[in-house]
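Okay, structure first, notes after.
The values are calculated or read from the model by the stated rules, or taken from the named source; none is laboratory data. Computed from a predicted structure; not experimentally measured. Positions of Cβ are generated from backbone atoms using ideal geometry, with glycine treated the same way; all protein chains shown enter the neighbour counts. Just the protein is used for accessible areas: all its heavy atoms, side chains included, with ligands, DNA and RNA removed. Shrake-Rupley method; radii C 1.70, N 1.55, O 1.52, S 1.80 Å.
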Amino acid sequence: MKKKNKVYRDIRVNYCYTKFENGRCLAPKALNTSKADCCCTSMPGQGWGSPCEICPRKEEEAYRVLCPRMGYTLGPDDHPKDIDECLNDPCINGQCINTDGSFRCECPMGYSLDISGVKCEDTNECEIGNPCGNGTCTNVIGGFECACDDGFEPGPMMTCEDINECAQNPHLCAFRCVNVVGSYECKCPAGYVLREDRRMCKDQNECEDGIDDCSSRGMTCKNLIGTYMCICSPGYTRQPNGDGCMDLNECTAKPGICKNGRCENTVGSYRCRCDQGFIANPTLTECIDNREGFCFTEVLTTLCQMTSSNRNLVTKSECCCDGGRGWGTTCELCPLPGTTQYKKMCPLGPGYTTDGRDIDECRVMGNLCKNGRCLNTLGSYNCVCKSGYTTDITGTQCLDVDECIQAPKPCNFICKNTEGGYLCSCPRGYILQEDGKSCRDLDECSTKQHNCQFLCVNTMGGFTCKCPPGFIQHHTACIDNNECSTDPNLCGSNGVCQNTPGSFNCDCQRGYSLDPSGQSCEDMDECDGNHRCQHGCQNLVGGYRCSCPQGYLQHYQWNQCVDENECLNSQICGGASCHNTLGSFRCLCPTGFNYEQSNGGCTDINECSTSHNPCKFGCSNTDGGYLCGCPPGYYRAGQGHCVTGLGFTSGSVSGEQGGEVDDNSLSPEACYECKINGYPKKGRKRRSANSTHDSSLEDMQLTEDNTVSLASMDIENTLHLHLNVSDLSNRDHILQFTPALSTLSDHVRYSIDNGNMEGFFKINQKEGVSYLHLSKKKVLPPGAYNLQISSIPLYRKKELDELEDQHDKDYLTGQLGDVLKMRVQIILH
């Protein structure tokens, strides 16, 4: 058995090039393949591998070695294996389908293979037959488009098919719609034809179109809506059998046809023989009124108004067919336009007579074309208007021309239309010039046509009011300018502004005068003029000051020297009271004190140690005062009085009233305060009993026998005295009174004020002692007698002031004590 040689296959894969140009392999396929797969296909490559190996041609031996046959390569078992050429997608714009030993390309619809068999090219369907039918074909990539003609639309196969417009829109035609290829037609019923729009129907005039048979029957065609009929001509009537026409005797058929005349029948017509005053019309078929009379344009309640006639003689048809309302002497009314009578009288309408003659409106009506001239025309008239007027749209009236709306305007400023003309006027402040159109300025100031209060200044088209200085313009009036309120500091700080009409004045304050400008106040030197200073003058800003002597000051208003009240200085007198005097002052202390300049205060006066000892019997100095004692056996009563009497002992007072027997004890009434002469008290600090006790021995100034009583009695209560009437005589001193003050010795007396109505008691005075005793003339029965005893000053206040003026200034000052008033009850047993 013969052994076969083993064959080795090249299974390497590399680039498969589709082009070989200029010794170079170009354009490799997308996938790398073996050399057999690259060179053995039905569309072999040009080269393979790297470096590029040229594929053998089919007639070469190398091709037979490499490729068992075209489209195949050796398989693993050395059997031929089909090459799948579609792996590298050789088809352009198409789909590759592999076949045994080869492949084919299938193109999509609208494409076809070119001569190479691998490229699908667009097919131009429009060049192949007529795919669109009744339309225009346009080729596109992969297909075609059809633009159908009017009346066609694309069908399912893109071919243009006829549109049934009648089915789509039932209202296309007024009567009936019939579809045709590419369009539709409208049909009309018999007796009608289509209008110009080919949709609506209109009546067919069979007479004009010549489709009737009336002429053959000797009749006239008359068109009707949707049909026609044959009729006889005027003057003829239909024969009894209805076929043909015969003459109509109008005179018998229409009685009264020739009004105002006689009717004569003729073949096909008739003629009128007219009565007198009437004439036949051109056709001789009517008698026309030829009478003449006045024409009236106004008729009120069947009465013609004579004022509405121009009194021209005209015929009735001339009157009534030209707008008249009444005619003739009997005022025959004209028929109203539009009525049958009017149409019969005026068959040609207004402007023509019954027989067709033109009416001369200018002669018949009169008063036509007001503001113009009437010109007759055929069937009417025209107006030729005067200047300033124009005809209306009918030309039968003259209307005023509004020249003011024309261009150019006839007036330069204001135009006012008038009847047949116009008037030019000027705005306020201007007057019309001689040409009647233009305006010039009116000088209101020179012509006194202004209302200015002061000054008038002419301006173009007006005037302006001016005010003099000091006034403010307000319209045409001048209002005073209040300079004072506008500028509060106009006159400075030392002046007061006073407004005046148109100006102002400055009033200066006292001590100032106006400067030369009159708007400022300057200081006035009062010392150079007449001043009232007595001790020298000193000028000040806004005033002056007088020099004053010691103790005087310049008055703030009167410029005079007035007393200076030094007491306004609370420290000037220290603890003393300050009393101002003219040009000076005086420091005063309360009674019983003296002012000490050295220490600036008040010191107590020891009244008992002075040469003017105030006490008659004995004196005891107190702080700011003193105490006056009484003789032995006397008691101090009130202030400045001593009392004793029957039943009094050195240590007691008989009755319920008791007195103090302690020489060192003082009654509160024994303390003198300030003045003790009946003048107002100024309040003195009383010395206490202890202080009196301590100092009484030192301060007491005794009389010669050095026995003084300081005992006192309470005069506020009634003094009770119990006496035996049998032991009393008129010589017995029931009570004795004597002043304790030296000054009272000559200035006081004691008297009974009440209780002595019967005169049982009497008070006498002897050697400065007053005593109460029984009256000699009266027998006093036993009983209780209540008396009130008082001290009475011998001088009144005015007399006392005269006495003080005659003596030293301190004479009687504070030394008159108080008035004694005491109640006494004397009980006689």
ask   = If Gly421 passes every condition in (1) more than 50 Å from the chain's Cα centre (by Cα); (2) surrounded by fewer than 13 Cβ atoms within 10 Å (Cβ to Cβ); (3) over 30 Å from Ser317 (Cβ atoms) but one, which one does it miss?
value = (2)
message = Every residue in the stretch 248-270 that is among the charged types (D, E, K, R), open to solvent by less than 60 Å² (accessible area, probe 1.4 Å) and either part of a loop (DSSP other than H, G, I, E, B) or closer than 16 Å to Cys232 by Cβ (or both), please.
response = Glu250
task = Being under 18 Å from Ser380 (Cα atoms) and among the basic types (Lys, Arg) is the filter here, so list the residues in the stretch 296-353 that pass it.
result = Lys316, Arg325, Lys343
ask   = Which one is modelled with the highest pLDDT among residues in the stretch 523-545 that are open to solvent by 90 Å² or more (accessible area, probe 1.4 Å) and not in a helix (DSSP H, G or I)?
value = Val541
note = Scanning the stretch 795-829 for residues that are modelled with pLDDT of 75 or more, open to solvent by 20 Å² or more (accessible area, probe 1.4 Å) and either part of a helix (DSSP H, G or I) or closer than 19 Å to Phe648 by Cβ (or both) gives Arg823, Gln825, Ile827, His829
note = Over the stretch 18-43, the set of residues assigned to a loop (DSSP other than H, G, I, E, B) and surrounded by fewer than 21 Cβ atoms within 10 Å (Cβ to Cβ) is Asn22, Gly23, Lys29, Ala30, Leu31, Asn32, Ser42, Met43
inquiry  = Can you find, within the stretch 446-468, the residue that is nearest to Pro427 (Cα to Cα) among those that are out of contact with any Phe, Trp or Tyr (no Cβ under 9 Å at 6 or more places or on another chain) and polar (S, T, N, Q)?
reply    = Thr459
task = For the stretch 775-794, enumerate the residues that are touching a Gly at 6+ places or on another chain (Cβ under 9 Å), modelled with pLDDT under 85 and in a loop (DSSP other than H, G, I, E, B).
result = Lys777, Lys778
inquiry  = Of the residues Cys369, Cys319, Cys383, Cys362, only one is in a helix (DSSP H, G or I), open to solvent by less than 30 Å² (accessible area, probe 1.4 Å) and either out of contact with any Leu (no Cβ under 9 Å at 6 or more places or on another chain) or closer than 30 Å to Asn417 by Cα (or both); which?
reply    = Cys319
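Yes/no per residue for (1) over 22 Å from Ile472 (Cα atoms); (2) touching a residue at least 12 places away in the same chain (Cβ under 8 Å):
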residue: Leu490; (1), (2): no, yes
residue: Asn494; (1), (2): yes, yes
residue: Gly511; (1), (2): yes, yes
residue: Cys527; (1), (2): yes, yes
residue: Arg532; (1), (2): yes, yes
residue: Gln538; (1), (2): yes, no
task = Could you tell me which residue of the stretch 322-348 is least open to solvent (accessible area, probe 1.4 Å), considering only residues that are hydrophobic (A, V, I, L, M, F, W, C) and in a strand (DSSP E or B)?
result = Trp327
key: Failed item in (1) under 24 Å from Gly372 (Cα atoms); (2) in a loop (DSSP other than H, G, I, E, B), with Cys411 passing the rest   = (1)
remark   = When restricted to Phe585, Phe593, the only residue more than 30 Å from Arg510 (Cβ to Cβ), in contact with a helix residue (DSSP H, G or I) (Cβ under 6 Å, 6 or more places away or on another chain), surrounded by 14 or more Cβ atoms within 10 Å (Cβ to Cβ) and not acidic (Asp, Glu) is Phe585
note = Within the stretch 292-305, of all residues that are free of Cβ contacts under 8 Å to residues at least 24 places away in the same chain and surrounded by 11 or more Cβ atoms within 10 Å (Cβ to Cβ), the one nearest to Thr353 (Cα to Cα) is Glu292
task = Please note which strands (runs of 3 or more DSSP E) are completely contained in the stretch 416-495 and include at least 2 residues that are among the charged types (D, E, K, R).
result = 439-441
Matching residues in the stretch 133-158 - criterion: being closer than 22 Å to Asn169 by Cβ and among the polar types (S, T, N, Q) = Asn134
task = For the stretch 138-161, state whether one or more residues are outside any loop (DSSP other than H, G, I, E, B), touching a helix residue (DSSP H, G or I) at 6+ places or on another chain (Cβ under 8 Å), among the small types (Gly, Ala, Ser) and in contact (Cβ under 8 Å) with a residue 24 or more places away in the chain.
result = yes
task = Select from the stretch 209-223 the residues that are farther than 23 Å from Met246 by Cα and either touching a strand residue (DSSP E or B) at 6+ places or on another chain (Cβ under 6 Å) or open to solvent by less than 60 Å² (accessible area, probe 1.4 Å) (or both) and list them in ascending order.
result = Gly210
task = Answer with yes or no whether Glu286 is touching a residue at least 40 places away in the same chain (Cβ under 8 Å), over 30 Å from Asp213 (Cβ atoms), more than 60 Å from the chain's Cα centre (by Cα) and surrounded by 13 or more Cβ atoms within 10 Å (Cβ to Cβ).
result = yes
task = Answer yes or no as to whether Glu483 is among the acidic types (Asp, Glu) and in contact with a His (Cβ under 9 Å, 6 or more places away or on another chain).
result = no
ask   = Can you tell me which residue in the stretch 180-204 is surrounded by the most Cβ atoms within 10 Å (Cβ to Cβ), limited to those that are among the hydrophobic types (A, V, I, L, M, F, W, C) and in contact (Cβ under 8 Å) with a residue 24 or more places away in the chain?
value = Cys201
key: Scope the stretch 390-408; condition assigned to a loop (DSSP other than H, G, I, E, B) and open to solvent by 90 Å² or more (accessible area, probe 1.4 Å); matching residues   = Ile393, Gln397, Ala407, Pro408
request  = Within the stretch 162-171, track down each residue that is surrounded by fewer than 16 Cβ atoms within 10 Å (Cβ to Cβ), assigned to a helix (DSSP H, G or I) and not aliphatic (A, V, I, L, M).
outcome  = Gln168
